[in-house]
Structures are given as structure tokens and as C-alpha cells.
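J.: Could you have a look at this structure, given as C-alpha cells, before my questions?
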Amino acid sequence: MPLQLGSTGSAVSHLQQQLADIGFPIAVDGTFGAVTDEAVRGFQLVVKLSPDGIVGTTTQTALDEGHWAAIADEAITSLPQYRIQTTESVETTVGVAEFTADVKWYRVFPSLFFGTALLNPKLDAMARSWISNMKALAQPVAVGELPNSVTGELNATLIAQSLASSAGFLSEFVSGSGHPNPRIIIANMDLAADKTLTGPELFRVGSAWPTVLRGVVLLNGFDPADVVPANPRNFSRVGVTTSGLNLYLYPDQIGLPLAAGIQTIFCPWVRIESVVRPSIIARSTGGSDGGPGPHVP
């Protein structure tokens with residue numbers, strides 16, 4: 001008989017122990033409550049089963065056979081982190097190049113929010129696209145040169161039912177180059193509309209949001225002469241949090257040496273609320289749906 005929300009008994013205890021053994025923080029109490037339901041749905045999503053929360057023959061077999069740790073070409077390094085590691089030969093126009101990848105991203109396990117069903121596949125596709133893009137740039141490796149590679153990590157946060165934010169960094173290296181190329185990765189996702197929002201789509205149309213964000217940077221003590229001009233291109237790398245926006249800048253954008261690395265400037269709502277879309281603030285601060293999609297002012 002399938003186990004589901006409301007089930008009790010020794011079979012539920014066995015299920016809970018299996019889930020606890022693979023890293024889900026749940027109690028083994030023999031009662032299939034909301035926490036166990038979320039853990040089951042998370043497991044089902046990861047092993048590519050329908051996340052319905054019902055433990056029938058298929059889900060139980062996946063648990064018994066250890067499918068959690070043997071998913072396609074992915075290996076879990078720490079829950080809920082995913083990772084693709086690969087070393088392979090890549091055909092180029094002038095020969096064969098060696099290519100390595102070590103890309104990690106954090107998946108958001110489903111709660112009662114509908115949004116995670118859309119979010120996780122987007123994160124997977126995003127990580128794989130980084131690797132595909134770097135393969136296209138790979139060059140044959142000469143004696144003494146380092147191989148082509150891409151490394152990176154993406155963290156994702158479910159802000160509200162219809163809003164998620166992910167941010168991370170890549171290091172891309174083409175054999176023969178003098179140094180790796182760092183790249184900021186930002187993706188704010190309107191899950192109600194199943195759409196990835198660009199930085200400018202977080203702000204009120206026609207507002208002077210680049211100027212406002214630049215003002216926050218200056219409040220952090222940077223010299224105005226060193227900070228790049230207030231235009232959308234320079235200030236569009238922003239990620240949503242519950243208390244404000246994180247603005248990501250390359251070091252040369254604020255007068256720092258490249259060795260300083262990518263900089264994060266926190267912009268609290270109180271300083272930027274006049275230029276941010278009200279629906280973004282509503283979702284971020286109160287979990288409100290805030291409207292059906294990115295077209296909301």
C-alpha cells in the first residue's frame with residue numbers, strides 16, 4: 001500500500017530512516033507529516049520522478065536501489081549541491097583540445113511552493129549551458145600549457161512562491177591565455193511567468209535606478225572618480241534578497257585591482273525602494289505573489 005501524507009506505522013519509520021540516511025533532516029517517528037512529505041518530494045524530484053509525495057513501488061525501488069547517488073552524469077557532493085565534473089576531448093577547427101569542467105549548483109528542494117518545479121530545471125539547464133559555451137572556445141593544448149577549463153558555482157534561493165534568485169561566479173580558461181576570465185552569473189526568476197528576469201526588469205520603467213545604485217556604491221566609501229558611470233550596463237548585475245538587492249561588480253568598475261576579485265555591494269530596500277518594482281519588493285519582503293509576471297509595474 002502506498003505511503004503518503006497521513007500514513008503511520010513501521011513502514012513510515014523505515015521510509016524516514018532511509019531519507020535521513022541520505023541527508024534529509026527529518027525525525028524517525030512513524031508519522032508521515034509535512035516534513036516527510038517535503039523530503040519525499042525532494043527525493044522524487046532529484047531522481048527525476050513525479051514529485052507527488054506518494055511512496056509507491058517506483059519511489060520505494062529508487063530508494064532501495066540507491067538512485068539518489070547514481071543520477072546520470074551528476075554526483076551529489078553535499079546536499080543539496082549538484083556537480084558536473086568532466087574531462088574530455090573536444091574537436092576544434094585546428095585539432096583536438098582537452099577540456100575539463102567542474103561546475104556546481106544548488107538546487108532548491110520543494111516545499112509547498114509551486115515554483116521549485118520550474119526553478120530546478122532552469123538551474124540545471126543554466127549550468128550545462130556554461131559548459132557548452134566553454135567547449136566552443138576550447139583550443140588545442142600546447143606543451144607546457146594548462147588545459148581548457150571552466151569552474152564555477154551557483155547558489156539559488158526561493159524568495160517567495162513566485163520569485164527566486166540565483167547568483168554565482170565562473171572562472172573560464174582558454175588554453176594559451178594569460179589568465180582565467182572571471183564571469184558574474186545572475187538569474188532572478190519570475191516563476192509565476194516561468195521567465196528569467198534581466199536586471200533592468202527588477203526596476204520601475206523610466207526610473208533612474210542606475211544612478212540610485214551608484215549612489216549606494218559611493219556610500220560604501222568608493223571614490224567617485226573610480227566608479228563607473230551610472231548606466232544600465234554597468235549596474236544590471238543584481239540579485240534579490242528578502243532585505244534588499246545584492247549588486248555585483250567587477251573590481252575594475254570601482255577602481256580596485258583585478259586581484260581583489262568580484263565585489264558584492266548590498267543595497268537595502270530603504271535606499272532603493274523608490275526605483276524597484278513594487279511587486280518585487282512585495283514578494284521579497286512578505287512572500288506575496290505580487291502579480292502574475294514581469295509585466296507588472
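The values are calculated or read from the model by the stated rules, or taken from the named source; none is laboratory data. Nothing here was measured: the structure is a model prediction, and the numbers come from that model. Note: ideal-geometry Cβ built from the backbone for every residue, glycine included; neighbour counts use all protein chains shown. Remember, those area values only see protein heavy atoms, side chains included, never the ligands or the DNA or RNA. Shrake-Rupley method; radii C 1.70, N 1.55, O 1.52, S 1.80 Å.
J.: If the cut-off is a Cα-Cα distance under 17 Å, which aspartates and glutamates reach Lys104, setting aside same-chain residues fewer than 8 apart in sequence?
T.: Within the straight-line cut-off, Lys104 pairs with Asp73, Glu74, Asp124, Glu153, Glu172.
J.: Further question: Give me, ordered by chain and number, the residues 5 or more places off Arg107 or on other chains with an amide H under 5 Å from its own placed amide H.
T.: Correct list: Tyr82.
J.: Let me ask you something else. Carbon and sulfur: what percent of the chain's accessible surface (1.4 Å probe)?
T.: Here carbon and sulfur together make up 56 percent of the probe-accessible area.
J.: Right, here's the next one. Identify the trypsin sites (Lys or Arg not before Pro) of the range 199-270 meeting these criteria: DSSP loop state and at most 13 other C-beta atoms within 10 Å of the C-beta.
T.: Those that pass, being in a loop and sparsely packed, are Arg233.
J.: Could I have the simple spin-label model distance between Ser13 and Ala225, label points 7 Å from Cα toward Cβ, reported in nm to one decimal?
T.: Distance between the two pseudo-spin positions: 7.4 nm.
J.: Based on Cβ point charges of +1 for Lys and Arg and -1 for Asp and Glu, what charge dipole magnitude is obtained for the chain about its Cα centre, in debye rounded to the nearest 20?
T.: Charge dipole of the chain: 900 debye, to the nearest 20.
J.: What accessible area per residue comes out for the chain, rounded to a whole number of Å², with a 1.4 Å probe?
T.: Heavy-atom SASA per residue in the chain reads 47 Å².
J.: Among all the lysines, which ones have a C-alpha under 16 Å from Lys195's C-alpha, if same-chain residues fewer than 8 places away are not counted?
T.: Correct list for Lys195: Lys122.
J.: I want to verify a result. In a Gaussian network model of the chain, Cα cutoff 10 Å, which of these has the top mean-square fluctuation: Gly144, Gly244, Gly176?
T.: Most flexible of the set in this elastic network: Gly144.
J.: Related question: May I ask for the angle, rounded to the nearest 10°, between helix 116-137 and the longest principal axis of the chain, with both axes built from Cα atoms and the value confined to 0 to 90°?
T.: 50
J.: Which distance in nm do the two modelled labels at His179 and Ala142 give, with both placed 7 Å along the Cα-to-Cβ direction?
T.: Placing both labels 7 Å beyond Cα along the Cβ direction yields 2.0 nm.
J.: Which of Gly221, Gly239, Gly56 moves the most in a Gaussian network model of the chain with Cα springs under 10 Å?
T.: Gly221
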